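The values are calculated or read from the model by the stated rules, or taken from the named source; none is laboratory data. Quick caveat: nothing in here was measured; it's all calculated off a predicted structure. Because the Cβ atoms are built from the backbone with ideal geometry, glycine has one as well, and the counts that use them run over all protein chains shown. Note: areas computed on protein heavy atoms with side chains; ligands, DNA, RNA excluded. Shrake-Rupley method; radii C 1.70, N 1.55, O 1.52, S 1.80 Å.
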Amino acid sequence: MLRRTEESLALAECFDPGHSDCRVAGTCVLQEALSRALEAFLAVLDEYTLADLLRPRNGLARVLLAADPRTRGPGRRGRA
């Protein structure tokens, strides 16, 4: 899901060779490490659908509304 919503998942300038001025891009180990970390991150997120993330929507709505000062009446305190 996340892969479809983001225009770019480049973690560093060197991930976009057409626009990178990195002098060590060809020999840098960090680029490989960040690529692997990004793939692991995305692999976990790939296990979820939007429906999975919205499933507890009543609880989410209650928490978000309580944190929004516009939804609280005068003199009321919401939980953050």
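Among (1) out of contact with any Leu (no Cβ under 8 Å at 6 or more places or on another chain); (2) touching a residue at least 40 places away in the same chain (Cβ under 8 Å), there is one condition ARG3 misses while meeting the rest; what is its number?
(1)
Looking only at residues in the stretch 2-34 that are open to solvent by less than 70 Å² (accessible area, probe 1.4 Å) and under 15 Å from the mean Cα position of the chain (by Cα), which one is farthest from LEU54 (Cα to Cα)?
Top of the filtered list is ALA10.
Among the numbered conditions (1) at pLDDT 80 or above; (2) surrounded by 10 or more Cβ atoms within 10 Å (Cβ to Cβ); (3) within 30 Å of THR71 (Cα to Cα), tell me where PRO56 comes up short.
If we test PRO56 against (1) at pLDDT 80 or above; (2) surrounded by 10 or more Cβ atoms within 10 Å (Cβ to Cβ); (3) within 30 Å of THR71 (Cα to Cα), just (1) comes out false.
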